[in-house]
Amino acid sequence: MKVVLTGHSLTLSQVRDICYGSAEVVIDAKSLASVKESRLSVDRIVSSKRTIYGINTGFGKFSDVIIEEQDVNDLQLNLIRSHACGVGDPFPEVVSRAMVLLRLNALLKGFSGVRPEIVKQLQRLLNEHIHPVVPQQGSLGASGDLAPLSHLALVLIGEGQVHFKGKIHETSEIFKEKEIPPVTLKAKEGLALINGTQAMTAQGAINWLESMDLFYQSEIIAALTIEGLEGIIDAFHPAIHEARGYEQQTAVASRMIALLKDSQLVTKQGEKRVQDAYSLRCIPQVHGATLQALDYVKEKLEIEINAATDNPLLFEDGKTVISGGNFHGQPIAFAMDFMKIAMSELANISERRIERLVNPGLNDLPPFLSPRPGLESGAMIMQYCAASLVSENKTLAHPASVDSIPSSANQEDHVSMGTIAARHAYMIIQNVRRVLAIECICALQAVQYRGIEKMAPSTFEFFNEARKIVKPIDSDRVFSKDIENITSWLKEKSHKVY
């Protein structure tokens, strides 16, 4: 499979194919021609000695310092080295790969003034599966993701470190092995590489892909819980949801009916109870609202992954060069904060379903699903674990975008903190997956008590797959291993669900 990059048409589905699959990246010929034309504009500016920010001036508070023509290349190298101040653990390798992809796609728009050598170097990194090691912390999310993208840019010039074949290496070592010559940065190229939102947007894209997988997995796990609790199917009747009018809510209800089709474990209202608790009855309303938020996030991400976000931008063959603020991450900061809230709620309602599965006061199953209640605690502490994860998510869900700290001697006096929002969203997603894993384990046990021969065909198929990963609770054991095994299984199932 090949994906042609134009700078204008990249989709999240293609991001998935490139970052998780084996899709080869191809550069569109017209886009490459635009890159060449844009570069000629920069060369004309340098030779004419026009004063343009970032080409022959300093950066940030130093924007009024004029740089001599013989020093403009050193200016770019100094920029990359001085701005590579990231700290902490590196971004996951898949995020680093997405970062390279998005930086390449942005440069292909032809507004940035880099040479073709730069975009071809980024393309080669992707196709050779060489990914920069990029520390996660240190970006304010405005002025661009300066620190993270500087670590990416270091790799292009043969410095820094890279992920390659599952290990971390010095870039120089891998470049020598693969016979990749480092590039020498020319005027504006360093700035064009690091002024942008590609760290937060790359993390955001991976967040969205993982969230969508988890979203659909949450439905099948919830369906399993409904069978384990002999839930009332009437709550998913299409008339209810059409009466409200939310497309996503109606779609969730429709999928729940499909998942539970032909189940002998679900009930009708009045058979065992008149109404279920909200955590069962309101699955379409709550899950549907999460899907609404994820649809909003998708819309913003698909704009941003095709956006020119560096500064300055060149238009009209370089006649018009404008310093603006497209590097400001506010749209993605808001989207990531919204995602944090939406995904946290997916875990919140899951934890309430876990409580209904294990609490003997809320069901007619063995207390805590234990085969020998009292002597053995069964799933009691799994619910504790879920509650802890849900509570941690509440802290992480605090919006990063409401904060701002001035930088560069108050020249850059309002920032988005969008990269922090994206990182925290990723942490929440990992917690959500573990909460869903716990619900899955408990629901598997509950339906086993009820009789798996009565299950719907869809849930029975899922049951059999999951039972290969975790065995029934026939005695107390170290359930931490079960939780992590189901969590890993759910993550491995990712990118195949939709």
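What follows is calculated from the coordinates using simple rules that are stated; it is not laboratory data. Model, not experiment: these values are computed from the prediction. Neighbour counts run over all protein chains shown; Cβ positions are idealised from the backbone, glycine included.
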Any idea how far the Cα center of the range 256-335 sits from the one of the range 1-61, in Å? 28 Å
Given the candidates Ala253, Asn393, Gln70, the one whose Cα lies deepest towards the positive end of the charge dipole of the chain, counting +1 at each Lys or Arg C-beta and -1 at each Asp or Glu C-beta, is Ala253
In percent, what relative contact order does the chain have, based on Cα pairs under 8 Å that are 6 or more apart in sequence? 18 percent
Output the direction-averaged projected area (hull surface divided by four) of the convex hull of the alpha-carbon atoms of the range 175-320, in nm². 15.3 nm²
Magnitude of the Cβ-charge dipole (Lys and Arg +1, Asp and Glu -1) of the chain about the Cα centre, nearest 20 debye, reported as 480 debye
Please go through the residue pairs Lys268/Lys394; Lys186/Lys298; Lys272/Lys394; Lys340/Lys491 and name each one whose alpha carbons sit more than 27 Å apart in this structure. Lys268/Lys394; Lys186/Lys298; Lys272/Lys394
Three semi-axes of the equivalent ellipsoid, the range 132-222, Cα gyration tensor, whole Å, largest first: 31, 19, 10
Consider all pairwise Cα distances in the range 2-196 and report the whole-number % of them above 29 Å. 19 percent
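Can you list the GluC sites (Glu not before Pro) in the range 73-137 that are in a DSSP coil and have 15 or fewer other beta carbons within 10 angstrom? If you can, show how the numbers build up before the last one.
Working: sites: Glu93, Glu117, Glu128; in loops: Glu128.
For GluC sites (Glu not before Pro) across the range 73-137 that sit outside H, G, I, E and B with at most 15 neighbouring Cβ atoms in 10 Å, the list reads Glu128.
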In terms of the charge dipole of the chain, which places +1 on Lys and Arg and -1 on Asp and Glu at the beta carbon, the residue among Leu126, Thr171, Ile194 farthest towards the positive end is Leu126
Among the DSSP beta bridges whose two residues both lie in the range 2-196, what percent are antiparallel, rounded to the nearest 5? 70 percent
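Can you say what percent of the DSSP beta bridges in the chain, counting only those with both residues inside, are antiparallel? Round to 5.
Numbers: 13 of 19 bridges.
Bridges in the chain that DSSP calls antiparallel: roughly 70 percent.
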Charge dipole magnitude, Cβ of K and R +1, D and E -1 - the range 2-196, Cα centre, debye nearest 20: 500 debye
Can you show me the helix-derived [θ] at 222 nm for the chain, built from DSSP H runs with n ≥ 4 at -39,500 (n - 2.57) apiece and divided by the number of residues, rounded to the nearest 500. -18000 deg cm²/dmol
Lys/Arg Cβ at +1, Asp/Glu Cβ at -1, dipole of the chain taken about the Cα centre: which of Thr11, Pro366, Gly60 is farthest positive-ward? Pro366
Computed E for Glu69/Tyr216 - FRET, C-beta separation, R0 56 angstrom, nearest 0.05: 0.50
So for each of 446-452, 323-329, 131-137 I average, over its residues, the number of other beta carbons within 10 Å; can you give me the resulting order with the highest mean first? 131-137, 323-329, 446-452
Treating only Lys and Arg (+1) and Asp and Glu (-1) as charged, each at its beta carbon, one finds that the range 259-368 has a dipole about its Cα centre, in Debye to the nearest 20, of 640 debye
